[in-house]
Amino acid sequence: MTDEKITQIPDAQAIAEGAEVTKEMAAAYTGSTMDTDKMWIIMGPQHPFSHGLWTLKICADGEIVTDADPIVGYLHRGWEKEVENRTYTKIIPMADRLCYAASMTYTHLFCMTCEKALGIDVPEKTKYIRIVADEINRLQSHLMWLASVGTDFGNYTVFLWSTREREYWMDMNVRLCGARLTTNYPRIGGVRNDVFDIDCDLPNDEDHSRFLRDLVRCCDHFDKALWEIVGLVDNNSTFMSRMLGTGIITREQCANLGITGPAARGTGIDFDIRRDNPYDNYDQVDFDVPVINSGDSYARYMVRVEEMFQCTKIIRQCVQKIKALGRSAPYRLKVPSKIPAGRTFCTLEDPRGESMMYLHSDGTDHPYRLKVRSPIFVNVSASKPLLEGCRIADVPIIMAMIDMCLGETDR
Amino acid sequence: MTMEYLEKYRDGRHKNWKDLWIVGPIFRTFKLLVKTTIHRPVTVLYPYEALWNPDNYRGRPALDFNKCIGCGMCAKMCVCNSIILVDTPDDEGKTVSRPQINIGRCSFCGYCAEYCPVDAMTVSPIVELAEFTRSDLIYGPRRLAYEHTTEGMKVKNEVTLLSDYLNGKGEIRHHFASIDRPELESAKCISCQKCKKVCPVDAIVMEEHGKNAKGRPILWPIINNETCVTCENCIEACPKDALHLKEVC
């Protein structure tokens, strides 16, 4: 182990007594007679690149990174143990707190798991509303990622423009659910409120919703605005030279490490749960899954940007379907508070990858065990293959393409 | 369906900016300069002007004191245990039990408003809640009042019964309207009348069913389905677990 290597310096006693460190002593420690020593640099837990509380230990030989070791767990709150004492209804707001950037997907996943355990098929309108809510969250999560990539590069304009566009989606979130980040919107068997009931103090037609109208306007505006933001990145030689050809991982490494989401699609793995194992009504929606074979940072960047364009397409189609179903369609079912004993397993495409929940219910109104599989916890294990051979200055950029979120990683 | 962005920028071979050498970037910069000069401001000067919030924005919970029946549903549903029931004198001087909220613990999930059977609790759009001491963050029942409650702040709480939905009916009804009701297992009942005492809406009357061996009357609770709000207080109060909730789905 590397830690032992550092502590067990030969002649440590002599050095402590004031002896000068000779070249031979250093050679015995590093195993080479070269003047450059390998050095373990600890980045984090409080470091501008880390986007949360985690530590990345990198072994640097001069300027070249030869090894990397991620350490997570600073944000461990005992989420999985905590939910065992709560009723299923009370877990929904807690599932929001798993990931602050895309809370809707985790709440959605929890409700879907419970519905699967109960054997319930939710109404059509609920499915489309949930897709809309998920895609809004995917958009604002990816925009937050783009903003943080901008600051990692030292380009403040990308950050400001991305957060500016993100505000429109946050406003949509507020109008849909009443909160910006911790949405608490899906319920077991439905959603909290109908999209037609929003702004009910304003004059609404019978089957006309101001929220849906504004949602389409947001999509139209965003499609133009995103071209401007990516123009800043793609036409900038600084960005390109940092991203093209850095942090390359192969398809095989990706599959062996269990990496999912945009990071996997950037290496040519053509897999998206929304298309290949559709939940809700994703099979009724027409959209493309971007896949690039090059496997470098730029590929992961492109996959995410193209996903944002696809999100607006999905939202537009779902708005049409919700309008066709109308106000009178049911959107929330009353379900039993107790879930029959059994084991249920459910997956969902998170903005960051494939998240899963495994529910072991024992017939009471609270779970016996609820296991969460976080995509980032798995993706960050690829630090070593990603960073091997790159320069120290490239570390923030390569790790930014994983889009760290510590809330779900440490739970 | 096409992926326009990927088609244009695939593999980073676009290099449009190099084709025009310096003309392209200058043109883009100038275009942006004009655009940023004439467009409206994006940010607001916060303490002097505030952002617009929709009516359904979930800020501090607000209570309509006289509408509240003191059933304790909000305290039961509270995710953070921030709500407790306290004894307060009402307008006529009678002591009633009303919720008190510790805003410092509140997670603004809106469950208290959602599960209130009489719509006494709502979530107000108030977000400026900073105080100097922690005790100032505890809102008593009177302090929770909010006068400008609009229709948009209320959660509609509409559900469709699962059985209705499976039969293709899909009728939307209120969450608390004639759905779940407590049911009595009369063999276990000991006629203690505790359920009657805790009922906040007086939906329980004790009905006599003969006399026991000692000659005392056997009293069984009869629950009025019209006034019951499904607060489950009687179920919790029952010392012999004679009452249980019959769920209708």
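The set of residues in the stretch B:10-26 that are within 12 Å of another protein chain (Cβ to nearest Cβ) and at pLDDT 70 or above comprises B:Gly24, B:Pro25. Within 14 Å of chain B (Cβ to nearest Cβ), surrounded by fewer than 24 Cβ atoms within 10 Å (Cβ to Cβ) and under 10 Å from A:Pro186 (Cα atoms) - does that describe any residue in the stretch A:129-152? Checked the stretch A:129-152: no residue is within 14 Å of chain B (Cβ to nearest Cβ), surrounded by fewer than 24 Cβ atoms within 10 Å (Cβ to Cβ) and under 10 Å from A:Pro186 (Cα atoms).
From the residues in the stretch A:389-411 that are touching a strand residue (DSSP E or B) at 6+ places or on another chain (Cβ under 8 Å) and not in a helix (DSSP H, G or I), which one is surrounded by the fewest Cβ atoms within 10 Å (Cβ to Cβ)? So the residue we want is A:Gly389. No other residue among A:Ala117, A:Ala19, A:Ala12, A:Ala27 is over 29 Å from A:Glu167 (Cβ atoms), modelled with pLDDT of 90 or more and more than 25 Å from the chain's Cα centre (by Cα) apart from A:Ala117.
For (1) β-branched (Val, Ile, Thr); (2) surrounded by 17 or more Cβ atoms within 10 Å (Cβ to Cβ); (3) outside the structural domain of B:Val198 (by TED's automatic domain parsing), each residue gets a yes or a no:
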| residue | (1), (2), (3) |
| --- | --- |
| B:Ser107 | no, yes, yes |
| B:Pro117 | no, yes, yes |
| B:Met121 | no, yes, yes |
| B:Leu129 | no, no, yes |
| B:Ile138 | yes, yes, yes |
| B:Arg143 | no, no, yes |
| B:Tyr146 | no, yes, yes |
| B:Glu151 | no, no, yes |
| B:Tyr165 | no, yes, yes |
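Of all residues in the stretch B:233-244, exactly one satisfies the criterion of being assigned to a strand (DSSP E or B) and either of a type in the set (Gly, Ala, Ser) or closer than 15 Å to B:Val198 by Cβ (or both), namely B:Leu243. Of the strands (runs of 3 or more DSSP E) lying entirely inside the stretch A:264-373, those containing at least 1 residues that are on the phi > 0 side of the Ramachandran plot and more than 19 Å from the chain's Cα centre (by Cα) are A:342-350.
Of the residues that make up the stretch A:332-351, is at least one away from every other protein chain (no Cβ under 11 Å) and of a type in the set (Phe, Trp, Tyr)? Yes, the stretch A:332-351 contains at least one residue that is away from every other protein chain (no Cβ under 11 Å) and of a type in the set (Phe, Trp, Tyr). Being closer than 17 Å to A:Gln317 by Cα, over 25 Å from the mean Cα position of the chain (by Cα), touching a residue at least 24 places away in the same chain (Cβ under 8 Å) and not in a strand (DSSP E or B) is a description that does not apply to A:Asp223.
Scanning the stretch B:153-168 for residues that are facing chain A (nearest Cβ under 7 Å), assigned to a loop (DSSP other than H, G, I, E, B) and of a type in the set (D, E, K, R) yields a total of 1.
One residue alone among B:Pro217, B:Pro200 is more than 25 Å from B:Ala120 (Cα to Cα) and in contact (Cβ under 8 Å) with a residue 12 or more places away in the chain, and that residue is B:Pro217. Restricting attention to the stretch A:183-203, the residues that are away from chain B (no Cβ under 11 Å) and at pLDDT below 70 total 1. Scanning the stretch B:78-131 for residues that are β-branched (Val, Ile, Thr), away from chain A (no Cβ under 14 Å) and part of a strand (DSSP E or B) yields B:Ile84, B:Val86, B:Thr88, B:Thr95, B:Val96, B:Ile101. Residues in the stretch A:232-280 that are of a type in the set (Lys, Arg) and in contact with a strand residue (DSSP E or B) (Cβ under 7 Å, 6 or more places away or on another chain): A:Arg274 alone.
The values are calculated or read from the model by the stated rules, or taken from the named source; none is laboratory data. Since this is a predicted model, take the numbers as computed values, not measurements. Positions of Cβ are generated from backbone atoms using ideal geometry, with glycine treated the same way; all protein chains shown enter the neighbour counts.
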